[in-house]
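What follows is calculated from the coordinates using simple rules that are stated; it is not laboratory data. What you see is a predicted model, and the numbers here were worked out from it, not measured in a lab. Cβ: placed from backbone, ideal geometry, glycine included. Neighbour counts: every protein chain shown.
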Amino acid sequence: MKAKEELPECPVATAVALIGGKWKLLIIRNLRIRPWRFNELRRDLEGISQKVLTDSLRQMEDDGLVFRHDYGENPPRVEYGLTELGRQMIPVMDSLADFGAYYKTIAS
């Protein structure tokens, strides 16, 4: 998790720093349902590269939004899910979905 000194002063800028970018919101969208394995996420998020998915998951794990559970099995089995902090994003995701649906109704 970042220290307060590392975060922008503006709360909106802080949120954008944590979840901004093309893929993080879509990763959270999937993880809100249940924990996912890495390759499941990669297959579902069409167009994401392995490197970008790895980097995004690591950043969100470092920020305390996502947990990584390694089952310690061979072959390796790892799942990613939302932490309690990450679950705080669900109402934000719902609002974004509502806005997106509304926008589609008024778009020409």
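Relative contact order of region 47-95, taken over Cα pairs closer than 8 Å and 6 or more residues apart, is 27 percent.
What is the sum of charges, Lys and Arg at +1 and Asp and Glu at -1, for the other residues whose Cβ falls under 15 Å from the Cβ of residue 70? With Lys, Arg at +1 and Asp, Glu at -1, the neighbours total +1. If you take the square roots of the eigenvalues of the alpha-carbon gyration tensor of region 4-106 and sort them as a ≥ b ≥ c, do you get rounded (a/c under 1.5), prolate (a/b over b/c) or oblate? Since a/c reaches 1.5 but b/c is at least a/b, the shape of region 4-106 is classed as oblate.
Label positions at residue 58 and residue 107, each projected 7 Å from the Cα along the C-beta direction, are separated by 3.4 nm. Net charge of the neighbourhood of residue 29, taken over other residues with C-beta under 11 Å away and scored Lys/Arg +1, Asp/Glu -1, is 0. When only Cα pairs below 8 angstrom with a gap of at least 6 residues are kept, region 1-98 shows a relative contact order of 29 percent.
Full extension of the chain between residue 69 and residue 9 yields a length gain of 18.3 nm, computed as 0.36 nm times the residue separation minus the alpha carbon distance.
The longest stretch of the chain left intact once loop-based trypsin sites (Lys or Arg not before Pro) with at most 12 other Cβ atoms within 10 Å are removed from consideration, loops following DSSP, is 23-76.
The distance between label points at residue 83 and residue 46 comes to 3.3 nm (points 7 Å beyond Cα on the Cα→Cβ vector).
Remark: the chain carries a charge dipole of roughly 340 debye about the Cα centre, counting +1 on each Lys and Arg Cβ and -1 on each Asp and Glu Cβ. In region 4-106, if the dipole is taken from +1 on Lys/Arg beta carbons and -1 on Asp/Glu beta carbons about the Cα centre, which of 38, 66, 105 is farthest to the positive end? It is 105.
Excluding residue 92 itself, calculate the net charge of residues whose Cβ lies under 13 Å from the Cβ of residue 92, where each Lys or Arg counts +1 and each Asp or Glu counts -1. Within the 13 Å Cβ shell, the charges total +2.
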